[in-house]
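Peer 1: Got a structure for you, questions after.
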Amino acid sequence: MPALSPLSLLKRPSVGAWAAVAWCVGLANALRSQFGIPGMPTGDAPLGAGDWVLVAASVGLVCGAARLLGPRPLTALGLFVAATFTATLASGETGITFLHYLAIDVAMARIVAGGSRRARWTALGVSLCVLPGYALTRQWSGLPVQLPHTIDTSWTGWQTYSLLAAVGWLVGKSVRQSREYARRMSAQAAAQAVTAERLRIAREMHDTVAHSIGIIALQAGAAARVVETQPARAREAMVAVETAGRETLSGLRRMLGALRQADTASDAASDPASGPAPVPAANPAAGLADLDRIAAATTAAGVRVEVVRRGEQRPLPSDVDLSAFRIIQESITNVVRHSGARSCRVSVDHRAGELIIEVADSGRGHVTNPASGGFGLAGMRERAALLHGEFSAGPRPGGGFLVTARLPVPAPARAAVAG
């Protein structure tokens, strides 16, 4: 288990816990004359048993408020106010201490940072009315608002505490705006990553089509030259032309049909300043045939890659073959960069009508953080979606990370292979 630095330990307590600590320090300050400590103020009447029960009850209310500040912040704010009134009345103080009010304003700032509009204004109103509410409570209860040996009254410091509430409001509003900005930037970055991946897929499809058209042209030329002298060879060449043409057309229809669904993505891609720099075109021949080469290069770099193939290996449509290879390539890259694992296992399962890919490692099991610029998972998910496949990625129950993709193999391609 890694050692924690003192700074990391200070970051672990929640906002509610810090507010409760500040409140308890304020309570200890209010009760300092009750303990007979040398150098502390004296002269206040000792608290009775009932007063100490109220003090203990107020501490319990504060502990409950600290736990509820996250899930039910308005309830927690009410508990902080109730505990403050109870403890202050029990201790005989005419006014609320600064640290008690600070804890209330911390709870208010938490609500402003993450609550609804109605909750935010309610929290601000409660915070501003705490001190007047306590002063009126003393007056209505027949209690003095000023002790004989003090100059402060129950209303003292209301302007200062109102300013403290305004500061808490501004802090909470700043935190809320920062979170909203971070969410917008994350969504925009994810959209740009998907757009960049679509552009990359389009470039790869362009190269694949160009490669297929080149083969078609060569086969057609060869058939034209031998059609009279060697009819059998001409027939084979024309069958190859037909197969290549059907597979290329099928891949184009699937890819273009999916790409047309992203109108907003195409608009963003038209702005050069809105997305990452263009990715160079990939080798049109890239596919699962290059998997052993990638595995060997990664193993030589220090992360052992084990490749397991299942089922009957057969030719795949170019778009399926290329997407499968890119998903495996990106998964291996994530293993090397983020997992900390020393090895990973790549499984390629050829089944009837689909191709199943799994990349598993025994590393830390962390997902790439979008805030750091890593959107490899979004790109892999986009590739699978464009082929009407399924994609999942996440930590494994026993440790490590698992990437799974199910890519359908179109029926025309299966028929062409069987023929």
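The values are calculated or read from the model by the stated rules, or taken from the named source; none is laboratory data. On a predicted model such as this, the values are computed, not experimentally measured, just so you know. So basically every Cβ, Gly included, is an ideal-geometry build from the backbone, and we count neighbours across all protein chains shown.
Peer 1: Conditions: (1) in contact (Cβ under 8 Å) with a residue 60 or more places away in the chain; (2) surrounded by 20 or more Cβ atoms within 10 Å (Cβ to Cβ). Leu77 meets all but one. Number of the miss?
Peer 2: Going through the list (1) in contact (Cβ under 8 Å) with a residue 60 or more places away in the chain; (2) surrounded by 20 or more Cβ atoms within 10 Å (Cβ to Cβ), Leu77 breaks only (1).
Peer 1: Return the pair list, or none, for Cβ contacts closer than 9 Å from residues in the stretch 288-300 that are in the same structural domain as Ser331 (by TED's automatic domain parsing) and modelled with pLDDT under 85 to residues that are hydrophobic (A, V, I, L, M, F, W, C) and exposed (fewer than 12 other Cβ atoms within 10 Å of the Cβ), at least 6 apart or on different chains.
Peer 2: none
Peer 1: Turning to a different aspect of this structure: Do you know which of the residues in the stretch 85-105 that are buried (at least 24 other Cβ atoms within 10 Å of the Cβ) and more than 16 Å from Ser141 (Cβ to Cβ) is modelled with the lowest pLDDT?
Peer 2: So, considering only residues that are buried (at least 24 other Cβ atoms within 10 Å of the Cβ) and more than 16 Å from Ser141 (Cβ to Cβ), the one modelled with the lowest pLDDT is His100.
Peer 1: Within the stretch 116-133, restricting attention to residues that are of a type in the set (Ser, Thr, Tyr) and surrounded by fewer than 20 Cβ atoms within 10 Å (Cβ to Cβ), which residue is farthest from Thr75 (Cα to Cα)? If you could, list the steps in order and put the result at the bottom.
Peer 2: Kept after step one, since they are of a type in the set (Ser, Thr, Tyr), are these residues of the stretch 116-133: 116, 122, 127.
Next cut, surrounded by fewer than 20 Cβ atoms within 10 Å (Cβ to Cβ) only: 116, 122.
Details: Ser116: 14, Thr122: 12 Å.
If we take residues in the stretch 116-133 being of a type in the set (Ser, Thr, Tyr) and surrounded by fewer than 20 Cβ atoms within 10 Å (Cβ to Cβ), then Ser116 is farthest from Thr75 (Cα to Cα).
Peer 1: Hey, can you tell me all the residues within the stretch 291-310 that are under 13 Å from Ala360 (Cβ atoms) and loosely packed, with under 12 Cβ neighbours inside 10 Å?
Peer 2: Matches in the stretch 291-310: Val308 only.
To keep it simple, each residue is scored yes or no on (1) at pLDDT 80 or above; (2) outside any loop (DSSP other than H, G, I, E, B); (3) touching a helix residue (DSSP H, G or I) at 6+ places or on another chain (Cβ under 7 Å); (4) surrounded by fewer than 17 Cβ atoms within 10 Å (Cβ to Cβ).
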site	(1), (2), (3), (4)
Ser8	no, yes, no, yes
Gly16	no, yes, yes, no
Pro38	no, no, no, yes
Pro41	no, no, yes, yes
Trp52	yes, yes, no, yes
Ala56	yes, yes, no, yes
